Amino acid sequence: MVDRANRPSALNAPSAAAPGPQVDITGSGAGSKVTATLPSGESIEVLLYGATVISWKSNGGKTENLWLSEKAAVDGSKAVRGGIPVVFPVFGPPPKSGHPTSSLPQHGFARSSRWEFLGKSTSEDALDSSSVKLDFGLYTSGISEDAKKAWPLDFGLVYSVTLSKDSLQTVINVRNEGEQSFEFQFLLHTYFKIKDITKTSVKGLLGVEYIDKVLNASSHQESNSAIAITGEVDRVYKSIPQDTTTIVEADSPRFDVVRDNLSDTVVWNPWIEKAKGMGDFSPDDGYKNMICVEVGAVNGWQKLEKGEVFEGGQTIKSLL
Ligand SMILES: O=P(O)(O)OC[C@H]1O[C@@H](O)[C@H](O)[C@@H](O)[C@@H]1O
């Protein structure tokens, strides 16, 4: 848990050793973002709005791994279409009535709240093994009055984003800071940038049960070791025994997505018509260059009693 009282005052303290990771805050208000760059060139950009990672460059900074819509709002006016939006405390449309999340918007409020930057920690051992961890916090006091009214529960979220040379790790820590227990869902809605959806497949889900949201929420069992995307896909794979899902491009593994204490994964591509129907999705044929593989805890609910903590996340390896 990050010590909220002990935030660093200087971002890049001078040091006699070799230059370490560089961390800067740029922009102002809802458009503020934190950028971090390793000495070897890899970088990330994280908007305070939603704590949304909007860029992750690996391969010495030459390869962008995340898809970001050309019309994504990066000024804090709405949830970002692209990058890694954080979904909490409900996934998808909330239950119609009778659940504490029922009055919340689709995918909850975390992706559309302004988070606090809590600080950075760096490891500067050697050029090739340096890493930087950025911590972001969102607490009941930081959400809108509407969200507070809809979900009047005391919580604390700390979201840690760690950049290493070939990987990005994003981990959530959810704490119940109130007297009452609460239930939540959580998901990392990662938009991966790919070259060509027709040559892309998803591996590591063979035998897993899934809900097909395109086919009236019917239940199926995955029978393909490599799932090709040939039309709109919106599936919730549940209770996955394997830790790793792999995105394969033109027969070569491109990304490994390793889940930690999150048992479900959503695979989503809106395809032609749905992409056109989203005002912030651009260009129209951008669906060819993205695939969402979203790790989460969305099958049922996670329950936290007073003082309890849940932690879960993902490590994504760029395999170029
Ligand atoms: O448009 P939004 O709210 O960002 O959601 C995008 C998609 O997010 C996915 O996680 C859902 O499974 C889809 O059903 C949904 O369409």
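The values are calculated or read from the model by the stated rules, or taken from the named source; none is laboratory data. From a predicted model like this one, the values you see are computed outputs, not experimental measurements. With ideal geometry, Cβ positions are generated from the backbone for all residues, glycine too; neighbour counts draw on all protein chains shown.
Scanning the range 223-235 for residues that are farther than 15 Å from residue 291 by Cβ and within 16 Å of the ligand (Cβ to nearest atom) gives no hits.
Suppose we keep only residues that are part of a loop (DSSP other than H, G, I, E, B) and touching a helix residue (DSSP H, G or I) at 6+ places or on another chain (Cβ under 8 Å) within the range 270-297. Which one would you say is farthest from the ligand (Cβ to nearest atom)? Across the range 270-297, the extreme among qualifying residues is 281. For the range 81-116, the set of residues classified as without any contact (Cβ under 8 Å) to a residue 12 or more places away in the chain and either within 12 Å of the ligand (Cβ to nearest atom) or closer than 26 Å to residue 163 by Cα (or both) consists of 105 only.
Evaluating residue 11 against the criteria (1) modelled with pLDDT under 95; (2) within 21 Å of the chain's Cα centre (by Cα) leaves one unmet condition, (2).
So that you can scan it fast, the table gives a plain yes or no per residue for (1) under 15 Å from residue 46 (Cβ atoms); (2) touching a Pro at 6+ places or on another chain (Cβ under 9 Å); (3) in a loop (DSSP other than H, G, I, E, B); (4) acidic (Asp, Glu):
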{"site": "95", "(1), (2), (3), (4)": "no, no, yes, no"}
{"site": "101", "(1), (2), (3), (4)": "no, yes, yes, no"}
{"site": "105", "(1), (2), (3), (4)": "no, yes, yes, no"}
{"site": "133", "(1), (2), (3), (4)": "yes, no, no, no"}
{"site": "137", "(1), (2), (3), (4)": "yes, no, no, no"}
{"site": "157", "(1), (2), (3), (4)": "yes, no, no, no"}
{"site": "165", "(1), (2), (3), (4)": "no, no, yes, no"}
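Checked against the criterion of being buried (at least 24 other Cβ atoms within 10 Å of the Cβ) and among the aliphatic types (A, V, I, L, M), the candidates 74, 86, 23 yield just one match: 86. Exactly one residue among 251, 260 is away from the ligand (no atom under 15 Å from the Cβ), charged (D, E, K, R) and either at pLDDT below 95 or loosely packed, with under 13 Cβ neighbours inside 10 Å (or both), and that residue is 251.
In the range 298-320, of all residues being touching a Lys or Arg at 6+ places or on another chain (Cβ under 7 Å) and assigned to a strand (DSSP E or B), the one that is farthest from residue 200 (Cα to Cα) corresponds to 309.
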